[in-house]
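The values are calculated or read from the model by the stated rules, or taken from the named source; none is laboratory data. The structure displayed is predicted, hence computed values, not measured ones. A quick note on method: Cβ atoms are made from the backbone with ideal geometry, for glycine too, and the neighbour counts reach across all protein chains shown. What goes into the accessible areas is simple: the full protein's heavy atoms, side chains included, and nothing from ligands, DNA or RNA. Shrake-Rupley method; radii C 1.70, N 1.55, O 1.52, S 1.80 Å.
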Amino acid sequence: MRIAICDDERLHLLMIEMFVKKSFAKFVNIGSYTFKSFDDASKLLSEHRDNPFDAAFLDIDMPVFSGFHIADHLVKTKKDCKIIYVTSHAHLAADSFRHEVFDFIVKAKNKKRYDEVIKKLVKELEDTHITVKYEERGPARTLDLTKAVYFTTSHTFADIHFIDGTVSRSNLTMSQIENSFKRVFRINRSTIINMEQIYCPHWPENTVEMNDGSQHPISRRRYDEFKEKFFDFYVF
């Protein structure tokens, strides 16, 4: 998982980085996490476009780009990027909830607040990045759902279609995939999609377009259920 920290004041940036890493270490093995700190918001946005972050701790009051502006761009690139605002201005908490926000921390007020927020964040990230072991004509491999776009049936087992265009023939059944991951949905008899990888539903055509450009039909039987899950996932 990738975590970004952004503050234009270098001293504050180092302090936040220290608090964040210490809190993460209480709840997970941080060896599986990458932490990147930025005192220049444009560099954060540039790197996020090429290699998106899973969560970002953002100062709000910064020159050129405010934390709110940065958050809008981060979430536009990666819908499920978790935004945590870290600021000295407690009165901005109300405004933060008009934008994308996972939580809010007031700087240097209560270090325990980092633990509270990060404990909740870790649970959310771990639920998103569930992995399962499977075999593909040889040694066992690990499937990270964040890299899979959709799954299709191939005889008894599932073919896994990844964001980079590769396809893996696994020994997983479609039922195993549905039971292993909370963020998938079977849109028709032979196709399960990763809800995180939806680019755009095309409601009049009863199809859904994925981030890899592929389009898949939504069966009439699953249409209403999918529509409900889609709006629950992306809106509420």
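Residue by residue, here is whether (1) within 30 Å of residue 194 (Cβ to Cβ); (2) modelled with pLDDT of 90 or more; (3) among the acidic types (Asp, Glu) holds:
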{"position": "16", "(1), (2), (3)": "no, yes, no"}
{"position": "31", "(1), (2), (3)": "yes, no, no"}
{"position": "45", "(1), (2), (3)": "yes, yes, no"}
{"position": "48", "(1), (2), (3)": "yes, yes, no"}
{"position": "54", "(1), (2), (3)": "yes, yes, yes"}
{"position": "57", "(1), (2), (3)": "yes, yes, no"}
{"position": "63", "(1), (2), (3)": "no, no, no"}
{"position": "68", "(1), (2), (3)": "yes, no, no"}
{"position": "76", "(1), (2), (3)": "yes, no, no"}
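Mind listing just one residue for me: the one in segment 14-34 that is free of Cβ contacts under 8 Å to residues at least 40 places away in the same chain and part of a helix (DSSP H, G or I) and, of those, least open to solvent (accessible area, probe 1.4 Å)? Residue satisfying both the conditions and the ranking: 17.
Of all residues being out of contact with any strand residue (DSSP E or B) (no Cβ under 8 Å at 6 or more places or on another chain) and not in a helix (DSSP H, G or I) in segment 41-65, which is most open to solvent (accessible area, probe 1.4 Å)? Just the residue, please.
Here is the first cut: in segment 41-65, the residues out of contact with any strand residue (DSSP E or B) (no Cβ under 8 Å at 6 or more places or on another chain) are 42-43, 45-46, 49-50, 63-65.
Filter once more, so that each one left must be not in a helix (DSSP H, G or I): 63-65.
Numbers: 63: 86, 64: 136, 65: 54 Å².
Here the answer is 64.
Filter segment 82-135 down to residues that are modelled with pLDDT under 65 and more than 21 Å from the chain's Cα centre (by Cα) and give me whichever is most open to solvent (accessible area, probe 1.4 Å). Only one residue fits best here, namely 109.
Restricting attention to segment 179-229 and to residues that are free of Cβ contacts under 8 Å to residues at least 40 places away in the same chain and of a type in the set (Phe, Trp, Tyr), the residue that is nearest to residue 102 (Cα to Cα) turns out to be 199. Residues in segment 184-228 that are open to solvent by 40 Å² or more (accessible area, probe 1.4 Å) and touching a helix residue (DSSP H, G or I) at 6+ places or on another chain (Cβ under 7 Å) were compared, and the one that is nearest to residue 80 (Cα to Cα) is 211. Does residue 38 count as of a type in the set (Phe, Trp, Tyr) and within 22 Å of residue 118 (Cα to Cα)? Answer is yes for this residue.
Out of everything in segment 136-179 that is of a type outside the set (S, T, N, Q), at pLDDT 85 or above and assigned to a loop (DSSP other than H, G, I, E, B), what residue ends up being most open to solvent (accessible area, probe 1.4 Å)? Across segment 136-179, the extreme among qualifying residues is 164. Being in contact with a His (Cβ under 7 Å, 6 or more places away or on another chain) and at pLDDT 90 or above is a condition met by at least one residue of segment 189-198.
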